[in-house]
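The values are calculated or read from the model by the stated rules, or taken from the named source; none is laboratory data. All of these numbers come straight from a predicted model, not from anything done at the bench. Cβ atoms come from the backbone with ideal geometry, glycine included; neighbour counts cover every protein chain shown. Accessible surface is based on the protein model in full, side chains and every heavy atom, while ligands, DNA and RNA are left aside. Shrake-Rupley method; radii C 1.70, N 1.55, O 1.52, S 1.80 Å.
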Amino acid sequence: MSMNITCQQYDLSLDPDIRQAAPYEDLQVCFYALRSADLNSLSELYQDWLTLFENDPHSDLKQHPDYLAHLLPQLQASFPDRPSYLMLCRQQGIPVAAGICCPKDISTKTLRGIGPACQLHGYFLSGNGFLLQEDFQDNETFLAFLLDTTLKFCQRQQATFLFLEDVFIDSPLKHGLDHIKGDCLTYSHTGFQPRSLIRFPRNPADYWNQFRSRSRRKHRKMIRNNSQLELVRVTEPDQVADFLSAAHQVSLNTWQTQRLGLRVKNNDKELNELMFLALHGALRSYLLMDGDRPVAFKVSSQHRGTFHDLEFGYDLDYARQSPGETLLLLILEDLTQHDSPRRYDFGEGDAMYKQRFSSEITQSGSVVLFPKTVKNRSLLCYLNSSSLLDRSVRKILKASGFYTALRQLVRYRKLSSR
(Lines give C-alpha, C1' and ligand atoms only; values in the text may rest on other atoms or scores of the structure.)
Protein backbone atom coordinates (compact mmCIF):
# COMPACT_ATOMS: atom_id res chain seq x y z
CA MET A 1 0.00 0.00 0.00
CA SER A 2 1.84 3.11 -1.21
CA MET A 3 0.46 6.54 -0.35
CA ASN A 4 1.34 10.07 0.79
CA ILE A 5 0.84 11.56 4.22
CA THR A 6 0.17 15.09 5.35
CA CYS A 7 1.21 15.54 8.97
CA GLN A 8 0.86 18.37 11.37
CA GLN A 9 3.42 17.84 14.11
CA TYR A 10 2.91 18.66 17.79
CA ASP A 11 6.08 18.37 19.87
CA LEU A 12 4.94 17.87 23.46
CA SER A 13 8.54 17.60 24.66
CA LEU A 14 8.54 21.42 24.82
CA ASP A 15 5.76 21.39 27.41
CA PRO A 16 7.33 21.84 30.89
CA ASP A 17 4.71 19.55 32.50
CA ILE A 18 5.46 16.78 30.03
CA ARG A 19 9.22 17.29 30.32
CA GLN A 20 9.04 17.13 34.11
CA ALA A 21 6.94 13.94 34.07
CA ALA A 22 9.20 12.15 31.55
CA PRO A 23 11.01 9.19 33.15
CA TYR A 24 14.08 9.92 30.97
CA GLU A 25 15.67 13.27 30.17
CA ASP A 26 16.25 12.62 26.48
CA LEU A 27 12.70 11.65 25.44
CA GLN A 28 10.98 13.43 22.57
CA VAL A 29 7.21 12.99 22.21
CA CYS A 30 5.52 14.12 18.98
CA PHE A 31 1.93 13.78 17.80
CA TYR A 32 1.37 13.68 14.05
CA ALA A 33 -2.06 14.53 12.69
CA LEU A 34 -2.90 12.00 9.96
CA ARG A 35 -4.92 14.16 7.60
CA SER A 36 -4.63 12.15 4.40
CA ALA A 37 -6.02 8.79 3.33
CA ASP A 38 -2.54 8.09 2.02
CA LEU A 39 0.52 6.81 3.83
CA ASN A 40 3.79 6.55 1.95
CA SER A 41 5.45 3.24 2.83
CA LEU A 42 8.84 4.76 1.95
CA SER A 43 8.53 7.66 4.39
CA GLU A 44 10.64 7.75 7.55
CA LEU A 45 7.53 8.07 9.72
CA TYR A 46 5.95 4.96 8.18
CA GLN A 47 9.15 2.94 8.56
CA ASP A 48 9.61 3.97 12.21
CA TRP A 49 6.00 3.02 12.89
CA LEU A 50 6.27 -0.30 11.04
CA THR A 51 9.56 -1.21 12.77
CA LEU A 52 7.98 -0.73 16.19
CA PHE A 53 4.99 -2.83 15.12
CA GLU A 54 7.13 -5.69 13.80
CA ASN A 55 9.47 -5.73 16.81
CA ASP A 56 6.74 -5.65 19.46
CA PRO A 57 5.73 -9.26 20.29
CA HIS A 58 2.43 -7.98 21.69
CA SER A 59 1.44 -5.76 18.75
CA ASP A 60 -2.15 -5.81 17.57
CA LEU A 61 -3.03 -5.67 13.86
CA LYS A 62 -5.10 -2.56 14.58
CA GLN A 63 -1.77 -0.84 15.29
CA HIS A 64 -0.35 -1.61 11.83
CA PRO A 65 0.12 1.51 9.66
CA ASP A 66 -1.72 -0.20 6.80
CA TYR A 67 -4.72 -0.76 9.05
CA LEU A 68 -4.88 2.95 9.79
CA ALA A 69 -4.58 3.67 6.07
CA HIS A 70 -7.57 1.35 5.63
CA LEU A 71 -9.49 2.97 8.50
CA LEU A 72 -8.72 6.65 7.85
CA PRO A 73 -11.29 7.27 5.06
CA GLN A 74 -14.10 6.02 7.34
CA LEU A 75 -12.86 8.13 10.25
CA GLN A 76 -12.46 11.22 8.07
CA ALA A 77 -16.01 10.81 6.75
CA SER A 78 -17.42 10.44 10.28
CA PHE A 79 -15.19 13.05 11.96
CA PRO A 80 -14.17 15.61 9.29
CA ASP A 81 -13.03 18.13 11.93
CA ARG A 82 -11.13 15.68 14.12
CA PRO A 83 -8.03 14.01 12.66
CA SER A 84 -6.44 10.82 13.94
CA TYR A 85 -3.00 11.12 15.51
CA LEU A 86 0.14 9.05 15.66
CA MET A 87 2.07 9.55 18.88
CA LEU A 88 5.76 8.76 18.37
CA CYS A 89 8.20 8.73 21.28
CA ARG A 90 11.93 8.84 20.52
CA GLN A 91 14.94 8.43 22.78
CA GLN A 92 18.14 9.92 21.37
CA GLY A 93 16.41 9.98 17.99
CA ILE A 94 15.47 6.28 18.09
CA PRO A 95 11.73 5.39 18.14
CA VAL A 96 10.88 3.56 21.36
CA ALA A 97 7.08 3.82 21.52
CA ALA A 98 4.04 4.69 19.42
CA GLY A 99 0.31 5.02 19.98
CA ILE A 100 -2.57 5.68 17.60
CA CYS A 101 -5.40 7.96 18.74
CA CYS A 102 -8.57 7.90 16.66
CA PRO A 103 -11.71 10.04 17.17
CA LYS A 104 -14.70 8.45 18.86
CA ASP A 105 -18.07 9.52 20.24
CA ILE A 106 -19.69 7.72 23.16
CA SER A 107 -23.22 8.16 24.41
CA THR A 108 -23.80 8.39 28.14
CA LYS A 109 -26.38 5.64 27.53
CA THR A 110 -23.53 3.35 26.42
CA LEU A 111 -21.74 4.25 29.65
CA ARG A 112 -24.91 3.18 31.52
CA GLY A 113 -25.99 6.68 32.32
CA ILE A 114 -29.64 7.04 33.31
CA GLY A 115 -31.83 9.70 31.75
CA PRO A 116 -31.50 11.64 28.48
CA ALA A 117 -28.50 10.58 26.40
CA CYS A 118 -25.60 12.96 25.80
CA GLN A 119 -22.84 12.48 23.23
CA LEU A 120 -19.26 12.72 24.55
CA HIS A 121 -16.46 13.50 22.08
CA GLY A 122 -13.06 11.95 22.55
CA TYR A 123 -10.47 9.49 21.25
CA PHE A 124 -9.78 5.78 21.48
CA LEU A 125 -6.39 4.09 21.54
CA SER A 126 -6.27 1.76 18.53
CA GLY A 127 -5.14 -1.71 19.55
CA ASN A 128 -5.80 -0.86 23.21
CA GLY A 129 -2.19 -0.04 23.93
CA PHE A 130 1.16 1.23 22.73
CA LEU A 131 3.81 -0.23 20.47
CA LEU A 132 6.94 -0.57 22.56
CA GLN A 133 10.60 -1.29 22.01
CA GLU A 134 11.75 -4.43 23.83
CA ASP A 135 13.50 -2.58 26.68
CA PHE A 136 10.24 -0.77 27.55
CA GLN A 137 7.79 -3.71 27.37
CA ASP A 138 7.16 -4.13 31.10
CA ASN A 139 8.10 -0.65 32.28
CA GLU A 140 4.96 0.42 34.15
CA THR A 141 6.37 3.90 34.89
CA PHE A 142 6.98 4.49 31.19
CA LEU A 143 3.49 3.23 30.30
CA ALA A 144 1.99 5.55 32.90
CA PHE A 145 3.90 8.45 31.32
CA LEU A 146 2.60 7.52 27.84
CA LEU A 147 -0.99 7.31 29.08
CA ASP A 148 -0.76 10.59 30.97
CA THR A 149 0.85 12.36 28.00
CA THR A 150 -1.73 10.99 25.55
CA LEU A 151 -4.61 12.08 27.78
CA LYS A 152 -3.11 15.57 28.15
CA PHE A 153 -2.83 15.80 24.36
CA CYS A 154 -6.46 14.68 23.92
CA GLN A 155 -7.51 17.37 26.40
CA ARG A 156 -5.72 19.99 24.28
CA GLN A 157 -7.78 18.84 21.32
CA GLN A 158 -10.94 19.64 23.35
CA ALA A 159 -11.63 15.92 23.86
CA THR A 160 -13.57 14.72 26.88
CA PHE A 161 -12.01 11.26 27.19
CA LEU A 162 -9.45 8.68 26.09
CA PHE A 163 -11.06 5.27 25.66
CA LEU A 164 -9.38 1.86 26.13
CA GLU A 165 -11.84 -0.74 24.92
CA ASP A 166 -10.24 -3.93 26.23
CA VAL A 167 -7.70 -3.97 29.08
CA PHE A 168 -6.52 -7.18 30.76
CA ILE A 169 -6.42 -6.84 34.54
CA ASP A 170 -2.97 -8.44 34.82
CA SER A 171 -1.38 -6.53 31.92
CA PRO A 172 1.42 -3.93 32.17
CA LEU A 173 -1.05 -1.42 30.70
CA LYS A 174 -3.44 -1.95 33.63
CA HIS A 175 -0.56 -1.45 36.07
CA GLY A 176 0.33 1.72 34.16
CA LEU A 177 -3.28 2.87 34.58
CA ASP A 178 -3.02 2.25 38.32
CA HIS A 179 0.03 4.54 38.41
CA ILE A 180 -1.88 7.54 37.01
CA LYS A 181 -5.12 7.19 38.99
CA GLY A 182 -4.29 10.26 41.02
CA ASP A 183 -3.63 12.37 37.91
CA CYS A 184 -6.88 11.67 36.04
CA LEU A 185 -10.40 10.31 36.46
CA THR A 186 -11.11 6.72 35.47
CA TYR A 187 -14.38 4.92 34.80
CA SER A 188 -15.36 1.46 33.57
CA HIS A 189 -18.92 0.91 32.41
CA THR A 190 -18.25 -2.80 31.90
CA GLY A 191 -16.25 -3.41 35.05
CA PHE A 192 -13.59 -6.11 34.94
CA GLN A 193 -15.37 -9.30 33.92
CA PRO A 194 -14.17 -12.92 33.60
CA ARG A 195 -12.13 -13.55 30.45
CA SER A 196 -11.61 -17.16 29.34
CA LEU A 197 -8.39 -18.30 27.68
CA ILE A 198 -6.82 -21.53 26.54
CA ARG A 199 -3.06 -21.89 26.98
CA PHE A 200 -2.16 -24.73 24.67
CA PRO A 201 0.54 -27.08 26.01
CA ARG A 202 3.86 -27.62 24.24
CA ASN A 203 2.22 -30.48 22.40
CA PRO A 204 -1.16 -28.90 21.45
CA ALA A 205 -2.85 -32.29 21.14
CA ASP A 206 -2.33 -32.74 24.90
CA TYR A 207 -4.95 -30.02 25.42
CA TRP A 208 -7.65 -32.72 25.42
CA ASN A 209 -6.02 -34.42 28.42
CA GLN A 210 -7.50 -31.77 30.73
CA PHE A 211 -10.94 -33.32 30.20
CA ARG A 212 -12.21 -36.41 31.96
CA SER A 213 -12.64 -39.53 29.84
CA ARG A 214 -16.41 -39.16 30.13
CA SER A 215 -16.25 -35.64 28.66
CA ARG A 216 -13.98 -36.78 25.83
CA ARG A 217 -16.43 -39.57 24.97
CA LYS A 218 -19.25 -37.03 24.95
CA HIS A 219 -17.24 -34.77 22.59
CA ARG A 220 -16.56 -37.63 20.19
CA LYS A 221 -20.22 -38.70 20.25
CA MET A 222 -21.39 -35.17 19.42
CA ILE A 223 -19.05 -35.03 16.44
CA ARG A 224 -20.22 -38.48 15.25
CA ASN A 225 -23.87 -37.48 15.59
CA ASN A 226 -23.17 -34.44 13.41
CA SER A 227 -20.86 -36.19 10.95
CA GLN A 228 -22.86 -34.75 8.04
CA LEU A 229 -21.66 -31.27 9.04
CA GLU A 230 -18.39 -30.17 7.44
CA LEU A 231 -15.88 -27.67 8.83
CA VAL A 232 -14.44 -25.14 6.36
CA ARG A 233 -11.37 -23.11 7.35
CA VAL A 234 -11.26 -19.61 5.83
CA THR A 235 -7.83 -17.96 5.57
CA GLU A 236 -7.33 -16.75 1.99
CA PRO A 237 -8.44 -13.47 0.34
CA ASP A 238 -10.41 -15.34 -2.36
CA GLN A 239 -12.51 -17.03 0.37
CA VAL A 240 -13.60 -13.81 2.08
CA ALA A 241 -16.58 -12.82 -0.10
CA ASP A 242 -18.18 -16.29 0.01
CA PHE A 243 -17.53 -16.57 3.76
CA LEU A 244 -19.20 -13.23 4.48
CA SER A 245 -22.20 -14.16 2.33
CA ALA A 246 -22.61 -17.48 4.18
CA ALA A 247 -22.09 -15.90 7.63
CA HIS A 248 -24.67 -13.24 6.77
CA GLN A 249 -27.17 -15.94 5.78
CA VAL A 250 -26.68 -17.68 9.14
CA SER A 251 -26.73 -14.38 11.03
CA LEU A 252 -30.25 -13.64 9.81
CA ASN A 253 -31.53 -16.41 12.10
CA THR A 254 -29.35 -16.33 15.23
CA TRP A 255 -30.26 -15.42 18.81
CA GLN A 256 -27.56 -12.71 18.70
CA THR A 257 -29.38 -10.97 15.83
CA GLN A 258 -32.75 -11.33 17.56
CA ARG A 259 -31.39 -9.83 20.76
CA LEU A 260 -28.70 -7.39 19.59
CA GLY A 261 -29.40 -6.70 15.91
CA LEU A 262 -27.86 -8.15 12.76
CA ARG A 263 -24.28 -9.15 13.56
CA VAL A 264 -22.88 -9.88 10.09
CA LYS A 265 -24.17 -7.40 7.51
CA ASN A 266 -21.96 -8.46 4.58
CA ASN A 267 -21.16 -4.85 3.72
CA ASP A 268 -18.04 -3.13 2.35
CA LYS A 269 -16.74 -2.36 5.84
CA GLU A 270 -16.75 -6.03 6.88
CA LEU A 271 -15.35 -7.09 3.51
CA ASN A 272 -12.44 -4.64 3.80
CA GLU A 273 -11.68 -5.65 7.38
CA LEU A 274 -11.55 -9.37 6.61
CA MET A 275 -9.57 -8.73 3.43
CA PHE A 276 -7.05 -6.78 5.50
CA LEU A 277 -6.68 -9.75 7.87
CA ALA A 278 -6.35 -12.20 4.97
CA LEU A 279 -3.76 -10.11 3.14
CA HIS A 280 -1.66 -9.95 6.32
CA GLY A 281 -1.91 -13.68 6.97
CA ALA A 282 -4.05 -13.24 10.09
CA LEU A 283 -7.50 -14.42 8.96
CA ARG A 284 -8.58 -17.74 10.46
CA SER A 285 -12.36 -17.98 10.38
CA TYR A 286 -14.63 -21.01 10.06
CA LEU A 287 -17.91 -22.20 8.58
CA LEU A 288 -19.96 -25.25 9.50
CA MET A 289 -21.78 -26.54 6.43
CA ASP A 290 -24.65 -28.97 5.95
CA GLY A 291 -24.11 -29.72 2.28
CA ASP A 292 -24.53 -26.37 0.56
CA ARG A 293 -26.26 -24.74 3.53
CA PRO A 294 -24.21 -22.82 6.12
CA VAL A 295 -25.21 -23.79 9.66
CA ALA A 296 -22.79 -21.84 11.86
CA PHE A 297 -19.84 -19.48 11.57
CA LYS A 298 -17.03 -18.05 13.61
CA VAL A 299 -15.28 -14.81 12.62
CA SER A 300 -11.80 -15.13 14.06
CA SER A 301 -8.16 -14.27 13.47
CA GLN A 302 -4.74 -15.51 14.50
CA HIS A 303 -1.82 -13.16 15.09
CA ARG A 304 1.33 -13.29 17.20
CA GLY A 305 0.45 -16.78 18.43
CA THR A 306 -3.04 -15.86 19.68
CA PHE A 307 -6.31 -17.05 18.17
CA HIS A 308 -8.92 -14.31 18.62
CA ASP A 309 -12.61 -15.26 18.80
CA LEU A 310 -14.38 -12.21 17.31
CA GLU A 311 -17.96 -13.14 16.34
CA PHE A 312 -20.02 -16.31 16.35
CA GLY A 313 -23.50 -17.47 15.39
CA TYR A 314 -25.55 -20.52 14.46
CA ASP A 315 -28.85 -21.04 12.67
CA LEU A 316 -31.60 -21.51 15.28
CA ASP A 317 -33.29 -24.05 12.99
CA TYR A 318 -30.38 -26.40 13.83
CA ALA A 319 -30.37 -25.68 17.56
CA ARG A 320 -31.32 -29.26 18.54
CA GLN A 321 -28.09 -30.51 16.96
CA SER A 322 -25.91 -28.24 19.16
CA PRO A 323 -24.16 -26.65 16.16
CA GLY A 324 -22.36 -24.11 18.35
CA GLU A 325 -20.59 -26.70 20.47
CA THR A 326 -19.98 -28.91 17.44
CA LEU A 327 -18.32 -26.00 15.64
CA LEU A 328 -16.15 -25.21 18.67
CA LEU A 329 -15.04 -28.85 19.04
CA LEU A 330 -14.09 -29.05 15.37
CA ILE A 331 -12.24 -25.73 15.55
CA LEU A 332 -10.30 -26.88 18.62
CA GLU A 333 -9.38 -30.08 16.79
CA ASP A 334 -8.16 -28.00 13.84
CA LEU A 335 -6.18 -25.67 16.11
CA THR A 336 -4.42 -28.57 17.82
CA GLN A 337 -3.51 -30.19 14.50
CA HIS A 338 -2.72 -27.32 12.11
CA ASP A 339 -0.67 -24.13 12.68
CA SER A 340 -1.42 -24.29 16.39
CA PRO A 341 -1.54 -21.00 18.30
CA ARG A 342 -0.08 -20.64 21.79
CA ARG A 343 -3.30 -19.16 23.12
CA TYR A 344 -7.03 -19.09 22.38
CA ASP A 345 -8.74 -15.88 23.50
CA PHE A 346 -12.52 -16.32 23.80
CA GLY A 347 -12.98 -12.55 23.84
CA GLU A 348 -15.17 -10.37 25.99
CA GLY A 349 -18.12 -11.74 27.91
CA ASP A 350 -18.58 -14.76 30.12
CA ALA A 351 -20.38 -18.01 29.29
CA MET A 352 -20.47 -21.53 30.69
CA TYR A 353 -19.08 -23.07 27.50
CA LYS A 354 -16.10 -20.70 27.64
CA GLN A 355 -15.35 -21.73 31.20
CA ARG A 356 -15.75 -25.40 30.32
CA PHE A 357 -13.24 -25.33 27.49
CA SER A 358 -10.77 -22.80 28.92
CA SER A 359 -7.61 -23.60 30.84
CA GLU A 360 -7.26 -20.14 32.40
CA ILE A 361 -9.68 -17.42 33.49
CA THR A 362 -8.51 -13.85 33.99
CA GLN A 363 -10.41 -10.55 33.81
CA SER A 364 -10.70 -7.72 31.32
CA GLY A 365 -12.79 -4.60 30.80
CA SER A 366 -13.14 -1.20 29.19
CA VAL A 367 -11.56 1.85 30.80
CA VAL A 368 -12.39 5.50 30.09
CA LEU A 369 -9.89 8.18 31.15
CA PHE A 370 -11.10 11.72 31.80
CA PRO A 371 -8.94 14.81 32.48
CA LYS A 372 -9.40 16.18 35.99
CA THR A 373 -11.84 19.04 35.50
CA VAL A 374 -14.84 20.21 37.49
CA LYS A 375 -17.14 19.28 34.61
CA ASN A 376 -15.68 15.78 34.35
CA ARG A 377 -15.93 15.24 38.10
CA SER A 378 -19.65 15.98 37.86
CA LEU A 379 -19.96 13.66 34.87
CA LEU A 380 -18.16 10.86 36.72
CA CYS A 381 -20.38 11.30 39.77
CA TYR A 382 -23.46 10.95 37.55
CA LEU A 383 -22.08 7.87 35.76
CA ASN A 384 -21.05 6.13 38.99
CA SER A 385 -24.49 6.74 40.51
CA SER A 386 -26.22 5.41 37.37
CA SER A 387 -23.95 2.38 37.27
CA LEU A 388 -24.62 1.59 40.93
CA LEU A 389 -28.38 1.72 40.34
CA ASP A 390 -28.04 -0.47 37.21
CA ARG A 391 -26.03 -3.11 39.11
CA SER A 392 -28.52 -3.11 41.99
CA VAL A 393 -31.48 -3.73 39.66
CA ARG A 394 -29.62 -6.53 37.87
CA LYS A 395 -28.69 -8.12 41.18
CA ILE A 396 -32.32 -8.12 42.32
CA LEU A 397 -33.49 -9.65 39.02
CA LYS A 398 -30.80 -12.34 39.16
CA ALA A 399 -31.67 -13.21 42.77
CA SER A 400 -35.31 -13.61 41.78
CA GLY A 401 -34.42 -15.85 38.83
CA PHE A 402 -36.31 -13.54 36.49
CA TYR A 403 -33.14 -12.20 34.84
CA THR A 404 -31.98 -15.65 33.70
CA ALA A 405 -35.46 -16.63 32.56
CA LEU A 406 -35.81 -13.42 30.56
CA ARG A 407 -32.39 -13.89 29.00
CA GLN A 408 -33.21 -17.45 27.95
CA LEU A 409 -36.59 -16.34 26.56
CA VAL A 410 -34.93 -13.67 24.45
CA ARG A 411 -32.20 -16.03 23.29
CA TYR A 412 -34.36 -19.09 22.53
CA ARG A 413 -37.79 -17.59 21.90
CA LYS A 414 -38.19 -19.66 18.75
CA LEU A 415 -37.47 -22.87 20.64
CA SER A 416 -40.81 -23.51 22.28
CA SER A 417 -39.92 -27.18 22.85
CA ARG A 418 -36.69 -26.50 24.74
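Which value at 222 nm does the chain reach when only helices count, each DSSP H run of 4 or more adding -39,500 (n - 2.57), with the total divided by all residues and rounded to the nearest 500 deg cm²/dmol?
On the way: 13 runs with 158 residues, N = 418.
Taking each H run of at least 4 residues, the total per residue is -12000 deg cm²/dmol.
Against the empirical curve 2.2 N^0.38 Å, the C-alpha radius of gyration of region 351-397 lands at a ratio of 1.72.
Computing the accessible area with a 1.4 Å probe over protein heavy atoms, can you report the carbon and sulfur percentage for the chain? Summing carbon and sulfur atoms, their accessible area is 48 percent of the total for the chain. Relative contact order of the chain: 17 percent, from C-alpha pairs under 8 Å at least 6 residues apart in sequence. What share of the DSSP beta bridges in the chain is antiparallel, in percent to the nearest 5? That works out to approximately 95 percent antiparallel.
Of the peptides 181-188, 289-296, the order by per-residue mean of other Cβ atoms within 10 Å, starting with the highest, comes out as 289-296, 181-188. Packing order of peptides 234-243, 359-368, highest average first: 359-368, 234-243 (average count of other Cβ atoms within 10 Å over each peptide's residues).
Cross-link reach is defined here as a Cα-Cα straight distance under 16 Å, omitting same-chain residues fewer than 8 places apart; for Lys269 the aspartates and glutamates meeting it are Asp66, Asp242, Glu311. Taken one residue at a time, the phi angles of region 364-376 give Karplus couplings (6.51, -1.76, 1.60, θ = phi - 60°) of 8, x, 8, 10, 10, 9, 10, x, 7, 10, 4, 4, 6 Hz. Gly and Pro are set to x. Cross-link partners of Lys181 among lysines, defined as those whose alpha carbon lies under 18 angstrom from its own and excluding same-chain residues fewer than eight positions apart: Lys152, Lys372, Lys375. Partner aspartates and glutamates whose Cα lies under 17 Å from the Cα of Lys218, excluding those fewer than 8 positions away in the same chain, are identified as Glu325, Glu333. Which distance in Å, rounded to a whole number, links the C-alpha centroids of region 203-260 and region 285-322? Region 203-260 and region 285-322 have Cα centres spaced 5 Å from each other.
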